[in-house]
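The structure appears right after this line, and notes come after that.
The values are calculated or read from the model by the stated rules, or taken from the named source; none is laboratory data. Keep in mind it's a predicted model, so treat the numbers as computed, not measured. Don't worry about glycine lacking a Cβ; one is built from the backbone with ideal geometry, like all the others, and counts go over all protein chains shown. Remember, those area values only see protein heavy atoms, side chains included, never the ligands or the DNA or RNA. Shrake-Rupley method; radii C 1.70, N 1.55, O 1.52, S 1.80 Å.
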Protein chains: 2
Amino acid sequence: MEDGTFESLGYCGDTGVDDVLQWDQRADCEVRQILDRIADKWSLQVIALLDKRSLRFTELRRAIDGVSQRMLTRTLRHLERDGLVSRTVHPTVPPRVDYALTPMGATLHSTIRALVVWTEEHQNAIAAARTAYDRRTAAEQEAAEREAAERDAVARAVLPVRG
Amino acid sequence: MEDGTFESLGYCGDTGVDDVLQWDQRADCEVRQILDRIADKWSLQVIALLDKRSLRFTELRRAIDGVSQRMLTRTLRHLERDGLVSRTVHPTVPPRVDYALTPMGATLHSTIRALVVWTEEHQNAIAAARTAYDRRTAAEQEAAEREAAERDAVARAVLPVRG
DNA sequence: CGGAATCCGCCACGATACTG
DNA sequence: CAGTATCGTGGCGGATTCCG
């Protein structure tokens, strides 16, 4: 039927401890699945768009730009399965399918906003860090190459030239 | 040198609008990169572990369980490049490298907590939604098969038997 | 219009071996 | 100990085609 049915990619036994401070132990459990969902290439945009109003399939398709019908379908199916998006089929001709955010989906959306805000606030710092890192890396690379060239020159001066 | 260097998988022009309410338009921009980072299979656990105290490479390797040295290295490099994790090399023998969360990394960690809390609060609802969805799907599947079988039976009754 | 089914390219990941 | 280099593979995602 489908290719991407991943059942339980890692069961995590209930430790009985609801201590959020130890969530790193469970980071690969439920959290991972939700994270994989919202971090999905298209899910985020779908959720964002549906937060305003419900949309039809083609409306989403046009709005998102770059998404294939296959991936949009898959994304919507996943979100629907998780109870984040509702799907209502109108038995008309031509068919009409409306997608909307469920209450739970709406709460997720507002939760994600915190992350978006964080990103907005730190994107400059991140960009700066990246630039600095790349400059350091490039410098080290260049230094290593100079060193190699020097060793090569020394070896050539000492050893007799072959062939 | 490396295989996974994905430079700017989608530049997003600065709209000049800082309206967070329209972040869906920019959902595929900076937010995506951060999300891809923290949603990474290992990044989350690394950040969570480093929040307590700084750790050596091997300590992380043992703590995470299942991570290959290659992926751990890549993950740490990415986090370091984004300025979320600091890497300090002690010029001893045998070599010793300590990883720690930067202040920015710490703020990200606390931001992610909101998402973890959301997941904790809704994981039961999500599990229920998934079960319900799967039951509906299975039911529709079965109905479709019954219908097909019925059509087949009718066709067999009407048409003469071939061969 | 809103999908489902099929084929296929590509690269991200993992395992392995080697280095300083 | 803390990496880098290389290779093989699975699965994700896109393009295409067909259906109700």
**Message:** Quick test of your reading of the structure: A:Val31 fulfils all but one of (1) facing chain B (nearest Cβ under 9 Å); (2) in a loop (DSSP other than H, G, I, E, B). Name the failing condition by number.
**Reply:** (2)
**Asked** Any idea which of A:His109, A:His78 is within 19 Å of the chain's Cα centre (by Cα), within 17 Å of B:Leu35 (Cα to Cα), more than 9 Å from chain B (Cβ to nearest Cβ) and open to solvent by less than 60 Å² (accessible area, probe 1.4 Å)?
**Response** A:His109
**Request:** May I ask you to list the residues in the stretch B:63-83 that are assigned to a helix (DSSP H, G or I), modelled with pLDDT under 95 and within 15 Å of DNA strand C (Cβ to nearest atom)?
**Result:** B:Ile64
**Asked** If we keep just the residues of the stretch B:89-105 that are away from DNA strand C (no atom under 16 Å from the Cβ) and more than 19 Å from the chain's Cα centre (by Cα), which is surrounded by the most Cβ atoms within 10 Å (Cβ to Cβ)?
**Response** B:Leu101
**Prompt:** Looking at (1) in contact with a helix residue (DSSP H, G or I) (Cβ under 9 Å, 6 or more places away or on another chain); (2) open to solvent by less than 70 Å² (accessible area, probe 1.4 Å); (3) within 12 Å of DNA strand D (Cβ to nearest atom), which is the only condition B:Lys41 fails?
**Reply:** (2)
**Fill in**
When A:Ser86 is run through (1) part of a helix (DSSP H, G or I); (2) more than 12 Å from DNA strand D (Cβ to nearest atom), the failure sits at (1)
**Request:** Only residues that are aliphatic (A, V, I, L, M) and either at the interface with chain B (Cβ under 7 Å from one of its Cβ atoms) or within 14 Å of B:Met104 (Cα to Cα) (or both): list them for the stretch A:112-126, please.
**Result:** A:Ala114, A:Leu115, A:Val116, A:Val117, A:Ala125, A:Ile126
**Item:** Residue check for B:Thr131: surrounded by 13 or more Cβ atoms within 10 Å (Cβ to Cβ) and hydroxyl-bearing (Ser, Thr, Tyr)
**Value:** no
**Request:** Say whether the condition of being within 12 Å of DNA strand D (Cβ to nearest atom), in contact (Cβ under 8 Å) with a residue 24 or more places away in the chain and either closer than 23 Å to B:Val116 by Cα or not in a helix (DSSP H, G or I) (or both) is met by at least one residue in the stretch A:98-120.
**Result:** no
**Prompt:** Are any residues in the stretch B:26-46 away from DNA strand C (no atom under 16 Å from the Cβ) and within 15 Å of the chain's Cα centre (by Cα), and if so, which ones?
**Reply:** B:Val31
**Asked** Is there a residue in the stretch A:136-144 that is loosely packed, with under 15 Cβ neighbours inside 10 Å, more than 14 Å from chain B (Cβ to nearest Cβ), modelled with pLDDT under 95 and more than 16 Å from DNA strand C (Cβ to nearest atom)?
**Response** yes
**Fill in**
Only one of (1) more than 12 Å from DNA strand D (Cβ to nearest atom); (2) surrounded by fewer than 16 Cβ atoms within 10 Å (Cβ to Cβ); (3) under 25 Å from A:Gln33 (Cβ atoms); (4) more than 10 Å from chain A (Cβ to nearest Cβ) does not apply to B:Arg53, and that is (3)
